[in-house]
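Only one structure is covered here, and it is reproduced in the block below.
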Amino acid sequence: MGTILRLALQSLRSRAFTSFLTVASIALSVTLLVGIEHVRSGVRESFAGTIRGVDLIVGARGGSLQVLLSTVFGIGASSTAISYETYERWAEHPAVAWSIPFALGDSHRSYRVIGTTNEFYERYRFRQDGRVSFAQGRAAETDADVVLGAEVASRLGYTLGAPIVVTHGLQGGGIADHEANPFKVVGILNRTFTPIDRAIYVTLGGIEAMHEDFEQAPSAAPVAPPAGTPSMPGAEAPPVMPGATPPAMPGYEPPPGTPTMPGAQPPVMPGATPPAMPGYEPPPGTPTMPGAQPPVASTAPAPSAAEPDADHDDDHADHDHEAEQVSSFMVGTKNRFEALQLQREMNTDLVEPVTAIIPGVALGELWQNISSAEVGLRIVAMFAVAIGLTGMLVALYSSLDARRREMAILRAVGAGPRTIVSLLVIESALLAFVGCVLGVLFVYAILTVGQSAIEARSGVHLAIRALGATEWKYLALVLGAGTLIGFVPAIKAYRTSLTDGLSPRA
Amino acid sequence: MMANAAPPAVALSNVRFAYRPGQDVVSIDTLTIERGETVFLHGPSGSGKTTLLGLLAGVLTATSGSVRILGQDLTPMSSGSRDAFRAQHLGYVFQQFNLIPYLSVRENILLPVRLDSARRAKLGGTDPVKAAESLASDLDIASALGSPVTELSVGQQQRVAVARALIGSPEVVICDEPTSALDSDRRERFLQLLFASCQKAGTTLVFVSHDFSLQPLFSRTVELPQINSASALIAKEN
């Protein structure tokens, strides 16, 4: 057998170019197949590991996906807030060991500003046992402290001590910047490859303070600098309440095409507040703020945010930065078995309707929804493998005619037809094997070279790890199919060598 | 079996062969070649030469009759045993294109002993590479041993084929028009080397050619058309 293996190798080498092309086509298809699987499981792992160790996530009454997406992934927003009293009531529930409240809805240069407590830095877990840790600085303690996710810090180039101006709502425009209330960076988190990297953390009081100042000094808006300018010209703005009439805003020029002139709007638009700004929601019962915020996806500047706050009752003026509401909160139970019961209790509570979800279950549901695309990818990859193997079949089969003399020589020196069959099968198995090896090496090469780029672009951490069971199964499949395919030319050669004997009819 | 001196190298009796039923290509009542003989098997094309050689080599099976090589009847053997028998006891030289192009000269010569352990055993402990080198120097191709076969002249290629047929000292070597691609000078030289090597190894040589001018060099001549009563039919077919 050693001789036949050596013969097969030398025979393949003698047809180096064809062999190379065959191996390359198999290698590329294996790269596709294994690469897709690798990325898929990497994304899935990264996805499933976004949040760990939390038993329940609780948001205002709504769909479970909505709660998950807004709380864990920072996508969309929860429609309404939960009153702080309700949050406290649940936080003090006997089954609850700890809880992390979140107040969402503000942004800084399109990164979300999230108000939370120290529990977040201590309790939040992701992947195996990933903890929130500081690259620099410390947690937010006062209402002016800001902690940056790793990506925010690196993209925006902020360092400790940098002042931050927060925009109301989620758009990147600067008109609604809370210039009057500059925050200061006190901490930068280590990279986690979770949505934490793309968020800015303040205290719950910080979120409230932001709103109060905004409400008191909207005059800053008319002279707001272009988006992203971190300077604070608004600080010099006169503390004049511009009032509800357009003439009071001489400096303000809405961009052409802006659908709503602030002054043109009726002073009261009941019910027009969109769900995008739960943190800014007035307390229940308060007349709804006029000047609807543009929806989250809007890229237009926010003229309406500069809306004079004519009828907004101004009772935050005492600068008592007490949180009045949270968007959602995470709960860790004392005993995990109580989580289900607690969930039921929360979901059926009549005082304030909330939705409590189990993160693992909701993540699984979400993954189910988005994983159908992967089936398509896998089918494409399978076809690529089929094409690669067919290429090999064509190459081997078409070489047979030229090799009839070779077969006759082998028969003359005593090789049986079975030897000839094994020679050809070994050749195709070798091609498939080398193709598999190269394909896998290629995957790792791409991962090694492209890892940081993929992380930077997608925020998905693709671990360079050993091949998983599925990948081995694919490789075995390719190798097995490659070997089986070798039997097609081999059987043809077997028949030919039987009829040709020692004298191939040329 | 080898120790038994009695059985002739080749003994055919009442051999019939047909590719299609009823159309005999070979029909030989008797043909006996003793050990150590150098036999010139002469026949024009279409006289059933190739088929006869296929029968002798055990690649084809006689429809009826017995083909005994070294006393062993190949006809009832399984194809696997015939392959093994051929590997062990037979050398074969083709008209041309004897060599596997992707192997070096040395590897081509070594092929039979590498593929078959019984043939390797016949080297009697001699290192196969040494045996190949010794044969190559006898056949005057020692300098070409490391070369790819594509760089050799036709004459050299044929001598490499002879070296391969002779390695491991098989009892019978069959040559199928090995000189037809050589000019007359080289043909003479080739035959001298072939005879010398066969003599040295005590090998029985069955040499097939349509070139009658070579006939005086052999110990015996067999006219194929005279012993093959089916040859007329083949001539017609061709």
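Throughout, read-outs are computed from the coordinates displayed, never taken from laboratory work. Treat the numbers as computed from the prediction; the structure is a model and nothing was measured. Backbone-built Cβ (ideal geometry, glycine too); neighbour counts: all protein chains shown.
Would you please put B:7-19, A:408-420 in order of how densely packed they are, using the mean number of other Cβ atoms within 10 angstrom per residue and starting with the highest?
Answer by packing, highest mean first, reads A:408-420, B:7-19.
Just from its helices, what would the mean residue ellipticity at 222 nm be for chain B, if runs of 4 or more DSSP H residues each count -39500 (n - 2.57) and the sum is divided by every residue, rounded to the nearest 500 deg cm²/dmol?
Per the formula, -11000 deg cm²/dmol.
Using only the alpha-carbon atoms, how far is helix B:79-89 inclined from the longest principal axis of chain B? Give it as 0 to 90 degrees, nearest 10.
50
Report the percentage of all Cα-Cα pairs in segment A:354-425 whose separation exceeds 22 Å, rounded to a whole percent.
Tail of the P(r) past 22 Å holds 58 percent of the pairs.
How many angstrom lie between the Cα centre of segment B:81-115 and the Cα centre of segment A:356-388?
Taking the Cα centre of segment A:356-388 as reference, the centre of segment B:81-115 is 55 Å away.
Grab the other residues whose beta carbon is less than 10 angstrom from that of A:I420, score K and R as +1, D and E as -1, and report the net.
Cβ neighbours under 10 Å give a net charge of +2.
Tally Lys/Arg at +1 and Asp/Glu at -1 over every other residue whose Cβ is under 15 Å from the Cβ of B:T179; what's the total?
Spelling it out: positives minus negatives among the neighbours equals -1.
Count the net charge of all other residues whose Cβ sits under 15 Å from the Cβ of B:P101, scoring Lys and Arg as +1 and Asp and Glu as -1.
So the surrounding residues net to +3.
If the viscosity is 0.890 mPa s and the temperature 25 °C, what Stokes-Einstein diffusion coefficient in µm²/s follows for segment B:10-237 when Rh is the Kirkwood radius over Cα pairs?
137
Give the calculated FRET efficiency between A:R13 and A:Q341 to the nearest 0.05, with a Förster radius of 56 Å applied to their Cβ-Cβ distance. Please report the intermediate quantities before stating the final value.
Values: r = 69 Å, r/R0 = 1.24.
Efficiency, rounded to the nearest 0.05: 0.20.
Rounded to the nearest 10 degrees, what's the angle between the helix B:154-166 long axis and the longest principal axis of chain B, both from Cα atoms, 0 to 90?
80
Reachable lysines from B:K122, Cα under 25 Å, same-chain residues fewer than 8 places away excluded?
Here the lysines satisfying the reach criterion relative to B:K122 are B:K130, B:K200.
Take the alpha carbon gyration tensor of segment A:1-86, find the square roots of its eigenvalues, order them as a ≥ b ≥ c, and report rounded if a/c is under 1.5; if not, report prolate when a/b exceeds b/c, else oblate.
prolate
May I ask you to derive the relative contact order of segment B:10-237, considering only C-alpha pairs under 8 Å and at least 6 residues apart, and to give it as an integer percent? Intermediate results must be reported in sequence, preceding the final value.
Numbers: 430 pairs, mean separation 73.6, N = 228.
Here the relative contact order equals 32 percent.
Treating only the Cβ of Lys, Arg, Asp and Glu as charged (+1, +1, -1, -1), what charge dipole size does chain B show about its Cα centre? Round to the nearest 20 debye.
The calculated dipole for chain B is roughly 420 debye.
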